[in-house]
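Beneath this line is the structure, given in structure tokens, with notes to follow.
The values are calculated or read from the model by the stated rules, or taken from the named source; none is laboratory data. Only a predicted model underlies this, so the values are computations on that prediction, with no experimental measurement involved. A quick note on method: Cβ atoms are made from the backbone with ideal geometry, for glycine too, and the neighbour counts reach across all protein chains shown. The protein model used for the area step is the full one, side chains on, heavy atoms only, and it has no ligands, DNA or RNA in it. Shrake-Rupley method; radii C 1.70, N 1.55, O 1.52, S 1.80 Å.
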Amino acid sequence: MDKFCYELCPDESYPAHAPWSTLEVWIRLNSLRASEETDRKLQELKSLPDNVCQQPEIARSIDRLEQKWLRECSKPYTVTNYMTLPKPTGPAKTTMMGVEAVLDRLVEGHHLQKLGREG
């Protein structure tokens, strides 16, 4: 086996349908800013000399603050039916059609209880 992959066969279901699939994502929005406190702490840690920043405890603190910074600038979304998205093509593995398809399937928030589904 060269690679791991799957093949969807909706026609083999009765009634024919693709499996329900959701994917939780965070989307960074340019309109959101991290808190001043997070920004200040991150800049303080990053301004330390390189040999200090490479110490495991300091490096973990920087990583945690970078993640916090990104979350403060992002919103949670869920991509519905992500397994039926068109395959990316081209050298960068992105297509405008693929981006538009993802945008059409975005639902704000995570931990969705119940979503209607197109037949």
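General observations
- Residue count for segment 68-119 under the criterion of being charged (D, E, K, R), modelled with pLDDT of 85 or more and outside any loop (DSSP other than H, G, I, E, B): the result is 6.
- Selection status of V25, at negative phi and more than 22 Å from the chain's Cα centre (by Cα): no
Residue by residue, here is whether (1) open to solvent by 50 Å² or more (accessible area, probe 1.4 Å); (2) more than 18 Å from L85 (Cβ to Cβ); (3) assigned to a loop (DSSP other than H, G, I, E, B) holds:
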| residue | (1), (2), (3) |
| --- | --- |
| C5 | yes, no, yes |
| P15 | yes, yes, yes |
| W20 | yes, no, yes |
| V25 | no, no, no |
| N30 | yes, yes, yes |
| E37 | yes, yes, no |
| K41 | yes, yes, no |
| E44 | yes, yes, no |
| N51 | yes, yes, no |
